[in-house]
Amino acid sequence: MNPCIRSLAVSAALVAASLLPGHAELDPVNLKKAIETSLASDYPKLDALYKELHAHPELAFQEVKTAARLAAEMRTLGFDVSENVGKTGLVAIYKNGDGPTIMVRTELDALPMEEKTGLDYASRDKTNWNGKETFVAHSCGHDIHMASWVGTAKALLDLKDQWQGTLMFIAQPAEEIGRGAMAMLMDGLFTRFKKPDFAFALHGNPIPHGYLLYRVGVGSSMSDSLSIKFRGRGGHGATPQATIDPVMIAARFIVDVQSVISREKDPTEFAVVSIGAIHAGTAENIIPDDAEVLGTIRTFKPAVRTKLLAGVERVAKAAAAMSDAPPPEIRITEGAKAVMNDPALVATAEKALKAAFGDKIRISPPSTPSEDFSEFAHSGVPSMMFQIGVYDMERWNAANNGGPPLPANHSPLFAPVPKPTIQTGITAMTLAVLSAFDQHARGK
């Protein structure tokens, strides 16, 4: 399309979106068309941004180049940008008259793992992590979120005749280790800057692109990190009777701790204890002195969490006692709280999103992974997090009919389809933010 003609088309769509009887409420259908028309010309730049971020990911609290790249994008749009908030986070502010402050969050960090997608823009970057060299990959979709975040900022500025107030776009570090949101809060996110009236975030999900998932109330799990060091007495692998084998103790614990889930917890309540790492020994014929077990505990409800933590500690001590070993060193570290989606804010966004997306927006059960976006809601900000699909419908249908399963988040094969995923993210987030501005303007 000729650029002049496209510009006229965008302007016409924006005018149509704004000519509402008495400006009583938003017209999500026309607004969706306006956003999509604008995206037709904006997308190539967003695609380039996405692929650049994907190819050069950075780990938690190392996101220096990533944050600088986003800061440059937001300054170009006209935002007032503050960097190094919570170490590597940034805050971008745009004021458009009197009204509420609405926060939109993206994450900056990637994962310490090797990407195996085979994409021509796949990450081959490496860095140091916990003293070891590791590959780095955006295998959770934070690069999709960042591109959608920038695109949403641009879309909202294109539609600034539709809203009054302040945009507070934050790029948060270290979501993958559950510490970035708190780092920003501790660095004055809600004191150096105005505390927002509402907050939104989105996340990619291995469902078909163009679809949205949301819910009211608990949206994700609470998380706790588990570290247990079992102490034994080392010796020759051929004379185990002269040793206390900590590997055996650790193995017993790993199996027996699942009985807390299956026999002590109410089977209708969600809880998971997963062991992700075991560190012990140096050679096949040496029984080591120590064995360390690392894991994660996920729950939705505080009472269930309390039961699990007590059970984990009891089983660990019992496993050691059965081998007449010293008591283990048990360290449980509280991680992210559960995301709480505010009923009133969800109801407002739900109305606009359903009008725009029809039956492609659906209620989902709580997500079992954890998210430190929860820290903002627990700091008193009404919040909503929703999910967007990332895969072609054909692959989704094939996977649900006996075909190859779709790689989920944190898989080395996780590979969203960029264009429709980013477009959906921008459209949905823009409408959600506009709906909150609109409700506030009408005093509801």
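The values are calculated or read from the model by the stated rules, or taken from the named source; none is laboratory data. The model shown is predicted, which means the values in this text are computed figures rather than measured ones. Heads up, the Cβs are rebuilt from the backbone with ideal geometry, glycines too, and the neighbour counts pull from every protein chain shown. With ligands, DNA and RNA removed, areas are computed over all heavy atoms of the protein, side chains included. Shrake-Rupley method; radii C 1.70, N 1.55, O 1.52, S 1.80 Å.
Which one is surrounded by the fewest Cβ atoms within 10 Å (Cβ to Cβ) among residues in segment 328-339 that are of a type outside the set (Val, Ile, Thr) and in a loop (DSSP other than H, G, I, E, B)? Walk me through it before giving the result.
Here is the first cut: in segment 328-339, the residues of a type outside the set (Val, Ile, Thr) are 328-329, 331, 334-338.
Those left that are additionally in a loop (DSSP other than H, G, I, E, B): 328, 335-338.
Details: PRO328: 24, GLY335: 19, ALA336: 25, LYS337: 22, ALA338: 24.
So the residue we want is GLY335.
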**OP:** Specify the residue that is nearest to LEU111 (Cα to Cα); the eligible residues are those in segment 47-57 that are within 20 Å of the chain's Cα centre (by Cα) and open to solvent by less than 60 Å² (accessible area, probe 1.4 Å).
**Re:** PRO57
Original post:
In segment 373-427, what residues are under 19 Å from the mean Cα position of the chain (by Cα) and open to solvent by 50 Å² or more (accessible area, probe 1.4 Å)?
Top reply: HIS378, HIS410, LEU413, GLN423
Subject >> Residue that is farthest from PRO326 (Cα to Cα), among those in segment 218-246 that are open to solvent by 20 Å² or more (accessible area, probe 1.4 Å) and within 33 Å of the chain's Cα centre (by Cα) >> reply: VAL218
**OP:** Can you give me the number of residues within segment 223-273 that are of a type in the set (Val, Ile, Thr), at pLDDT 95 or above and out of contact with any strand residue (DSSP E or B) (no Cβ under 8 Å at 6 or more places or on another chain)?
**Re:** 2
Original post:
MET385 is checked against (1) in contact with a Ser or Thr (Cβ under 7 Å, 6 or more places away or on another chain); (2) within 24 Å of VAL150 (Cβ to Cβ) and fails just one. What number does that condition carry?
Top reply: (1)
Subject >> Output for segment 247-274, where each listed residue is assigned to a strand (DSSP E or B) and either surrounded by fewer than 17 Cβ atoms within 10 Å (Cβ to Cβ) or basic (Lys, Arg) (or both) >> reply: VAL272, SER274
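For segment 100-120, enumerate the residues that are more than 18 Å from ASN409 (Cα to Cα) and in contact (Cβ under 8 Å) with a residue 60 or more places away in the chain. Give the derivation first.
Applying the first criterion (more than 18 Å from ASN409 (Cα to Cα)) to segment 100-120 yields 100-105, 120.
Within segment 100-120, PRO100, THR101, ILE102, MET103, VAL104, ARG105 meet the criteria.
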Original post:
Any chance segment 389-406 includes a residue that's part of a strand (DSSP E or B), closer than 30 Å to LYS195 by Cα, touching a residue at least 24 places away in the same chain (Cβ under 8 Å) and among the β-branched types (Val, Ile, Thr)?
Top reply: no
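Just checking, which of PHE198, PHE190 is of a type in the set (A, V, I, L, M, F, W, C) and either surrounded by fewer than 22 Cβ atoms within 10 Å (Cβ to Cβ) or on the phi > 0 side of the Ramachandran plot (or both)? Even if it seems obvious, please write down each step before you answer.
Numbers: PHE198 fails: either surrounded by fewer than 22 Cβ atoms within 10 Å (Cβ to Cβ) or on the phi > 0 side of the Ramachandran plot (or both).
Checking each option against the conditions leaves just PHE190.
Could you grab me the full set of residues in segment 317-327 that are surrounded by 22 or more Cβ atoms within 10 Å (Cβ to Cβ) and either part of a strand (DSSP E or B) or in contact with an Asp or Glu (Cβ under 9 Å, 6 or more places away or on another chain) (or both)? Write out each step before concluding.
Residues of segment 317-327 surrounded by 22 or more Cβ atoms within 10 Å (Cβ to Cβ): 319-320.
Selection gives ALA319 alone.
Of all residues in segment 392-444, count the ones that are acidic (Asp, Glu) and at pLDDT 95 or above. Walk me through it before giving the result.
Within segment 392-444, the first condition is being acidic (Asp, Glu), and the residues that meet it are 392, 394, 438.
Narrowing further to those that are at pLDDT 95 or above: 392, 394.
So the answer is 2.
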Subject >> Total residues in segment 260-288, condition out of contact with any helix residue (DSSP H, G or I) (no Cβ under 8 Å at 6 or more places or on another chain) and either over 19 Å from ILE330 (Cβ atoms) or of a type in the set (Ser, Thr, Tyr) (or both) >> reply: 10
**OP:** Considering each residue of segment 289-311, count those that are closer than 18 Å to SER221 by Cα, crowded, with 16+ Cβ neighbours inside 10 Å and either hydrophobic (A, V, I, L, M, F, W, C) or out of contact with any helix residue (DSSP H, G or I) (no Cβ under 6 Å at 6 or more places or on another chain) (or both), and give that number.
**Re:** 11
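Taking ALA356 as the residue in question, decide whether it is in contact with a Lys or Arg (Cβ under 7 Å, 6 or more places away or on another chain) and either part of a helix (DSSP H, G or I) or open to solvent by 70 Å² or more (accessible area, probe 1.4 Å) (or both). Break it down into steps so the answer makes sense when it comes.
Details: in contact with a Lys or Arg (Cβ under 7 Å, 6 or more places away or on another chain): yes; either part of a helix (DSSP H, G or I) or open to solvent by 70 Å² or more (accessible area, probe 1.4 Å) (or both): yes.
So ALA356 fits the description; yes.
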**OP:** Evaluate the following for THR37: is it over 20 Å from the mean Cα position of the chain (by Cα) and either farther than 29 Å from ALA352 by Cα or surrounded by 15 or more Cβ atoms within 10 Å (Cβ to Cβ) (or both)?
**Re:** yes
**OP:** Examine segment 203-215 for a residue that is outside any helix (DSSP H, G or I), of a type in the set (A, V, I, L, M), at pLDDT below 95 and open to solvent by 10 Å² or more (accessible area, probe 1.4 Å), and state whether such a residue exists.
**Re:** no
Original post:
How about segment 66-175: which strands (runs of 3 or more DSSP E) wholly inside it have at least 3 residues that are over 17 Å from TYR50 (Cα atoms), of a type in the set (Val, Ile, Thr) and open to solvent by less than 10 Å² (accessible area, probe 1.4 Å)?
Top reply: 101-107
